[in-house]
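Here the structure comes first, spelled out in structure tokens, and everything after it is commentary.
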Amino acid sequence: ALKFAEIEISYENFKTDEIFRAVLPEGQEKLSSFSKIGHIVHVNLKEHLLPFSQLIGQVFLDKIPNCLTVVNKSQTIDTKFRNFQMELLAGKEDYHVEVRENGCVFEMDFSRVYWNPRLASEHERIVKSLKAGDHLCDVFAGVGPFSVPAAKKCHVLANDLNPDSFQWLQHNAKKNKVEKNLQGFNKDGREFIRKDLKEHLVEFWKLEDNNKSLVIVMNLPALAVEFLDAFPGLLFDHSDLQSLSRSPPIIHVYTFVKSGPPEDAREAAESHLGHKITKFEGVSFVRNVAPNKDMFRVTFHLTDDILFSRKAPKRPPTTDDDYVPKKISVDD
């Protein structure tokens, strides 16, 4: 028989998005997404949502499992170290997190370094493409999302200018027991390329019976292509190496394309390289960052015509120190 009963519906019965639809202003863009890094929920609030920031923080604290801290990061990257101004919306002021990705455990102070969980698939894709015994040079390594898992099967040179990132990179290498395969550097990316990467490439090519690959990763999409002009002529003073039959280094460089086709990413790489790319692997879509703004990976080989070139860069060299604070998406 059909029975009727009264059911009391309370705050506990509603989902996060249902609560936001009920309490936030109508007719304006809603809170579209958030990231979870360990016990931290990270949001990027638009200006019209700032008056409701504490309410939003409390809802996340109540509704997201294992959430202890909710932060809003401003859109301004205010230092060359790629960390952000941060506002605590709810919970405790504890930014030390532990996250798992691609079979590794990473620890970090989220307020001092860069970490984007939305890049986990890209990190995995590159690491899986590496073969046992390959060599990886990670120019902008951060706390090690490429370098640490790669070091389980490869020899890795990992660099980052941010001293906090470098500290956590070293820590994560030890935590995952790969420190013997990972050599860390705390330098400007250009200096790392022109000195340490160069020296390693020379020694790598001199190895006997070497059928392994040397792979370079440059994941700083707001700036990375500007560092490509460090490669032309990199081995000009080692012309003897041209006689060796070796596979050219493979490079993955990440960049943004705003309101344009993927081919714009290749054109940007060639423009800063000062050379046409003759051994091109492709341009791959990574993720949408903002309306009309996508992140791409450009993959190509550093051929002899680049590495042994006499050609000087077209523009004055850019260093990590030249990074001028500007308004970009915090998901960059």
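General remarks:
- Residue count for segment 185-240 under the criterion of being among the basic types (Lys, Arg) and closer than 27 Å to ALA265 by Cβ: the result is 4.
- Cβ pairs under 8 Å, 6+ apart, first in segment 160-184 and at negative phi, second among the hydroxyl-bearing types (Ser, Thr, Tyr) and in a helix (DSSP H, G or I): LEU169/SER147; ALA173/SER147; LEU182/SER147
- Criterion: aliphatic (A, V, I, L, M), in a strand (DSSP E or B) and over 21 Å from MET108 (Cβ atoms) - qualifying residue of VAL225, VAL215: VAL215
- Evaluated against (1) more than 18 Å from SER213 (Cβ to Cβ); (2) assigned to a strand (DSSP E or B); (3) touching a residue at least 60 places away in the same chain (Cβ under 8 Å); (4) not basic (Lys, Arg), CYS137 falls short on exactly one condition, (1).
- On the stretch given as segment 252-286, residues that are farther than 19 Å from ILE306 by Cα, charged (D, E, K, R) and loosely packed, with under 14 Cβ neighbours inside 10 Å total 2.
- Filtering segment 270-277 for residues that are assigned by the TED database to the domain that holds SER213, in contact with a strand residue (DSSP E or B) (Cβ under 9 Å, 6 or more places away or on another chain), part of a loop (DSSP other than H, G, I, E, B) and over 22 Å from ALA141 (Cα atoms) leaves a non-empty set.
- When segment 174-209 is filtered for residues that are in a loop (DSSP other than H, G, I, E, B) and among the acidic types (Asp, Glu), the ones remaining, listed by number, are ASP188, GLU208, ASP209.
- Which numbered condition ILE216 fails, given (1) farther than 17 Å from VAL143 by Cα; (2) aliphatic (A, V, I, L, M); (3) in contact with a Cys (Cβ under 7 Å, 6 or more places away or on another chain): (1)
- Of the criteria (1) modelled with pLDDT of 95 or more; (2) surrounded by 18 or more Cβ atoms within 10 Å (Cβ to Cβ); (3) of a type in the set (Ser, Thr, Tyr), which one SER111 fails: (1)
- Number of positions in segment 220-263 that are at pLDDT 95 or above and among the hydroxyl-bearing types (Ser, Thr, Tyr): 2
- Meets criteria (surrounded by fewer than 19 Cβ atoms within 10 Å (Cβ to Cβ), among the basic types (Lys, Arg), at pLDDT 95 or above and farther than 21 Å from LEU169 by Cβ) for LYS92: yes
- Residue count, segment 33-61 (criterion: touching a helix residue (DSSP H, G or I) at 6+ places or on another chain (Cβ under 8 Å) and either part of a helix (DSSP H, G or I) or under 25 Å from GLU12 (Cβ atoms) (or both)): 12
- For segment 118-134, the set of residues classified as assigned to a helix (DSSP H, G or I) and not aliphatic (A, V, I, L, M) consists of ARG118, SER121, GLU122, HIS123, GLU124, ARG125, LYS128, SER129, listed by residue number.
- Considering segment 280-306, and only residues there that are of a type in the set (A, V, I, L, M) and out of contact with any His (no Cβ under 7 Å at 6 or more places or on another chain), the residue that is nearest to LEU201 (Cα to Cα) turns out to be LEU302.
- Note on segment 21-44: residues that are modelled with pLDDT of 90 or more and on the phi < 0 side of the Ramachandran plot amount to 9.
The values are calculated or read from the model by the stated rules, or taken from the named source; none is laboratory data. Predicted model only: the values in this text are computed from it and were never measured. Reconstructed Cβ throughout: ideal geometry from the backbone, glycine too, with neighbour counts over all protein chains shown.
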